[in-house]
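Colleague: I'd like to ask some things about the structure below.
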Amino acid sequence: MATTMTSLPATSSYSVGFGIPSVITPQTRFHRRRIVIAKAEPSDKSVEIMRKFSEQYARKSDTFFCVDKGVTSVVIKGLADHRDSLGAPLCPCRQVKECHCMLFLTPDNDFAGNEQAISLEEIKELTANM
């Protein structure tokens, strides 16, 4: 009995099925992924660094903090958290030339307050229940 071998065209796709049972058991097929979310507070040192940076930048750029200082506090604390966890504050404002987080508001913005300073105590107080 002679066997003839033929080649398959390169442009077509073929699959060959073997009668081998799956090595994946029902127990391993559907394993659950667990996501761990850390709820660590940024260090006081990082919050203070970001607070001082924010005040200095507001003065230099003639911008103001939001009339609701809770917004300012959350953003500063978020930048401090990025600094601790990622090594940098990671703020896109410099690239897009506009502040989307409402930390630095121009005087013509409806949400702009009249302050360019915020204390560490205010930040802690306004973010205590978060």
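Colleague: Would you point out which residue out of GLU115, GLU55, GLU122 is at pLDDT 90 or above, more than 15 Å from the chain's Cα centre (by Cα), acidic (Asp, Glu) and crowded, with 17+ Cβ neighbours inside 10 Å?
Modeller: Of GLU115, GLU55, GLU122, the one residue that is at pLDDT 90 or above, more than 15 Å from the chain's Cα centre (by Cα), acidic (Asp, Glu) and crowded, with 17+ Cβ neighbours inside 10 Å is GLU55.
Colleague: Right, next: State the number of residues belonging to the stretch 100-112 that are touching a strand residue (DSSP E or B) at 6+ places or on another chain (Cβ under 9 Å) and surrounded by 15 or more Cβ atoms within 10 Å (Cβ to Cβ). Lay out the reasoning, then the answer.
Modeller: Restricting attention to the stretch 100-112, the residues satisfying the condition of being touching a strand residue (DSSP E or B) at 6+ places or on another chain (Cβ under 9 Å) are 102-107, 109, 111-112.
Of the ones still in play, those that are also surrounded by 15 or more Cβ atoms within 10 Å (Cβ to Cβ) are 102-105, 109, 112.
Looking only at that region, the number is 6.
Colleague: May I ask you to say which residue of LYS77, LYS45, LYS97 is surrounded by 12 or more Cβ atoms within 10 Å (Cβ to Cβ) and not hydroxyl-bearing (Ser, Thr, Tyr)? I'd like the intermediate steps shown before the answer.
Modeller: Numbers: LYS45 fails: surrounded by 12 or more Cβ atoms within 10 Å (Cβ to Cβ); LYS97 fails: surrounded by 12 or more Cβ atoms within 10 Å (Cβ to Cβ).
Of LYS77, LYS45, LYS97, the one residue that is surrounded by 12 or more Cβ atoms within 10 Å (Cβ to Cβ) and not hydroxyl-bearing (Ser, Thr, Tyr) is LYS77.
Colleague: Continuing with the same structure: Can you name the residue in the stretch 41-65 that is hydroxyl-bearing (Ser, Thr, Tyr), out of contact with any Asp or Glu (no Cβ under 9 Å at 6 or more places or on another chain) and outside any loop (DSSP other than H, G, I, E, B) and is also farthest from ALA117 (Cα to Cα) among such residues?
Modeller: Per the criteria, the residue is SER61.
For every residue, the table says whether it meets (1) within 17 Å of GLU122 (Cβ to Cβ); (2) of a type outside the set (Val, Ile, Thr); (3) touching a Gly at 6+ places or on another chain (Cβ under 7 Å); (4) touching a residue at least 12 places away in the same chain (Cβ under 8 Å).
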residue	(1), (2), (3), (4)
SER54	yes, yes, no, yes
LYS60	no, yes, no, no
CYS66	yes, yes, yes, yes
LEU86	no, yes, no, no
ARG94	no, yes, no, no
LYS97	no, yes, no, no
HIS100	no, yes, no, no
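Colleague: Another question, if that's okay. Out of the stretch 66-112, which residues are more than 14 Å from the chain's Cα centre (by Cα), within 15 Å of VAL47 (Cβ to Cβ) and in a loop (DSSP other than H, G, I, E, B)?
Modeller: Within the stretch 66-112, just LEU103 meets the criteria.
Colleague: Does the stretch 29-42 contain at least one residue that is of a type outside the set (A, V, I, L, M) and modelled with pLDDT of 85 or more?
Modeller: Of the residues in the stretch 29-42, the ones of a type outside the set (A, V, I, L, M) are 29-34, 39, 41-42.
Pick out the ones that are also modelled with pLDDT of 85 or more and you get 41-42.
Yes: one or more hits.
The values are calculated or read from the model by the stated rules, or taken from the named source; none is laboratory data. Source: prediction; values computed, not measured. Using ideal geometry, Cβ is built from the backbone for each residue, glycine included, and neighbour counts are taken over all protein chains shown.
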